Amino acid sequence: MTSRMKINDESSRPIGVFDSGIGGLTVVKELNRLLPNEKIIYFGDTARVPYGNKSKETVIHYSLQVAYFLMKKKIKMLVIACNTASSVSLPTLKRHFHIPILGVIEPGAKSAIAASRTDNVGVIGTLGTVKSNSYKKALKKIKRSVKVYQHACPLFVHLAEDGWNKNKIAQMISDEYLKSFKGKNIDSLILGCTHYPILKQVIQNSAGKKVKLIDSGRETAKEVNRILQKKCLLNIHKKTEKNHSIFYVSDFPHKFKDVSQRFLSKELKHVHKVKL
Ligand code: DGL
């Protein structure tokens, strides 16, 4: 009976995390930091990345395919690490599946409101995320009076993946993008894309030190913790093997190891390529 109960214990099941590619590893890093006992099954849709410049319909279609794949792995919760997919696919995924599903938008918005004194909040993200107005809607839902300024920064994704995250060119591009916030009196800026935490330093230089950068991935990890706790789904069994998470991709990107080192602060040795 005891062993049977253990097998059926949902809390020992993995958390599914999905992203358009490898950017979501920044969210995995935060989850590992906060919830070291949790097993993660990650899917990066590297064959079809980027999602940021694709239509809403396409991103929803891809998100559903990935979610079905992860559901078959008996996950206890699904985290949409990708800001673009969170922006457009969350309601559809919630309608299809009956486990807790969390995107990165709401946690990021909540934290930005808590951090702001001026009620002027900036948002940077992909074209898809900015066009969807997902952050703007989430921010206004929490506080109607907040003023939201958004700007798409598509080149940041390439800079982060190529390791050009601290050089002069990255700084120049960041200065150029963040010009649009000048004179708006923003005091919190949402990093609304998986890749942007890699560029934190140059973004902070451009925004000025009075602006608080909000890392949506970090806030999402805190929310995952709260949800699992509330639903009694936190894994109480101590992690036995080292590195027991599993990583799947739909294609191998070039320089995968370098990128995983930069995004996750460790090199991923075992990554499985699968066809959806
Ligand atoms: N993961 C995406 C996001 O957070 C960035 C890369 C892409 O465009 O697919 O929006």
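A few comments on the model shown:
- Each residue of the range 36-49 is assigned a 3J(HN,Hα), and the resulting list reads x, 7, 7, 8, 10, 10, 10, 10, x, 7, 5, 6, 10, 5 Hz, derived from the Karplus form 6.51 cos²θ - 1.76 cosθ + 1.60 (θ = phi - 60°), x at Gly and Pro.
- Close amide-amide hydrogen proximity is noted between Gln150 and Val123, each under 5 Å apart and 5 or more residues distant or on a separate chain (H modeled in the peptide plane; Pro and chain starts excluded).
- Exposure proxy ranking, count of Cβ atoms within 10 Å, fewest first, for Arg218, Arg13: Arg13, Arg218
- Low-density loop cleavage sites - trypsin sites (Lys or Arg not before Pro) in the range 96-132, where at most 10 other Cβ are within 10 Å (DSSP): Arg117
- Extension gain, Glu57 back to Lys273 (0.36 nm per residue minus Cα-Cα distance, nm): 75.3 nm
- Close amide H partners of Tyr248, meaning residues 5 or more places away or on another chain with modelled amide H under 5 Å apart, are Tyr42, Phe43, Gly44, His272.
- Max mean-square fluctuation residue, GNM over the chain, Cα-Cα springs under 10 Å, options Lys231, Lys74, Lys141: Lys231
- Gain in span if fully extended, Lys209 to Ile142, counting 0.36 nm per residue against the direct Cα distance: 21.6 nm
- Residues Asp258 and Lys73, FRET efficiency given R0 of 25 Å [Cβ-Cβ distance, rounded to 0.05]: 0.40
- The chain - percent relative contact order, Cα under 8 Å, separation 6 or more: 26
- Virtual paramagnetic centre 7 Å along Cα→Cβ of His158, amide N under 19 Å, in the range 244-271: 253-256, 259
- Per-residue ellipticity at 222 nm, computed for the chain from helices alone with -39500 (n - 2.57) per DSSP H run of at least four residues, works out to -13500 deg cm²/dmol.
- Measuring gaps between exposed loop sites in the chain (GluC sites (Glu not before Pro); DSSP loop; at most 14 other Cβ atoms within 10 Å), the longest gap, sites not included, is 1-240.
Each reported figure results from applying straightforward, stated rules to the coordinates on display, with no laboratory input. Just so it is clear, the model here is predicted, and its values are computed rather than measured. For neighbour counting, all protein chains shown are included, and Cβ atoms are generated from backbone atoms with ideal geometry for every residue, glycine included.
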